[in-house]
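Just below is one structure, and these are the notes that go with it.
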Amino acid sequence: MTESLTRRLSNLRRPALILRAARIGVSDYRRERDLKRLLKAQSAPGPQEALSALLQQEEKLEATRQEGDCSYSVTAHVELLIALLAEARLASALRA
């Protein structure tokens, strides 16, 4: 994982309940199924590319949440965080 991605991930500050739900959901994460759906891609990209794209989507969702916009979906936010956590673990495992 690149330093900038690591820094961005470590600086994420989200509500504890949302993060707790995401950590629980990581065990059910299936890369081929979930990543394609979240990124609207034909095939799953590498972990670095996936992390970058997921972080961009998550930052937009977080801005929507903080603005109190009624279009915010906590379910979509948790799904993105699950994918972020799982992809970060995969990237770390591949690097080791």
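The values are calculated or read from the model by the stated rules, or taken from the named source; none is laboratory data. These numbers come from a predicted model, not from an experiment. Here the Cβ positions follow ideal geometry from the backbone for every residue, glycine too, while neighbour counts run over all protein chains shown. The protein model used for the area step is the full one, side chains on, heavy atoms only, and it has no ligands, DNA or RNA in it. Shrake-Rupley method; radii C 1.70, N 1.55, O 1.52, S 1.80 Å.
When residue 47 is tested against (1) open to solvent by 30 Å² or more (accessible area, probe 1.4 Å); (2) modelled with pLDDT under 90, only condition (1) is not met.
On the stretch given as the range 1-17, residues that are modelled with pLDDT under 90 and open to solvent by 50 Å² or more (accessible area, probe 1.4 Å) total 9. Every condition in (1) outside any helix (DSSP H, G or I); (2) basic (Lys, Arg); (3) surrounded by 11 or more Cβ atoms within 10 Å (Cβ to Cβ) is met by residue 20 except one, and the failing one is (1). Out of 85, 94, one residue alone is of a type in the set (A, V, I, L, M, F, W, C), part of a helix (DSSP H, G or I), at pLDDT below 90 and surrounded by fewer than 20 Cβ atoms within 10 Å (Cβ to Cβ). It is 94. Might you let me know whether the range 69-77 holds any residue that is in contact with a Phe, Trp or Tyr (Cβ under 9 Å, 6 or more places away or on another chain), open to solvent by 50 Å² or more (accessible area, probe 1.4 Å) and free of Cβ contacts under 8 Å to residues at least 40 places away in the same chain? No, there is no match, as no residue in the range 69-77 is in contact with a Phe, Trp or Tyr (Cβ under 9 Å, 6 or more places away or on another chain), open to solvent by 50 Å² or more (accessible area, probe 1.4 Å) and free of Cβ contacts under 8 Å to residues at least 40 places away in the same chain. Sub-6 Å Cβ pairs linking a first residue in the range 1-12 that is farther than 8 Å from residue 88 by Cβ and β-branched (Val, Ile, Thr) to a second residue that is part of a helix (DSSP H, G or I) and modelled with pLDDT under 70, at least 6 apart or interchain, number zero.
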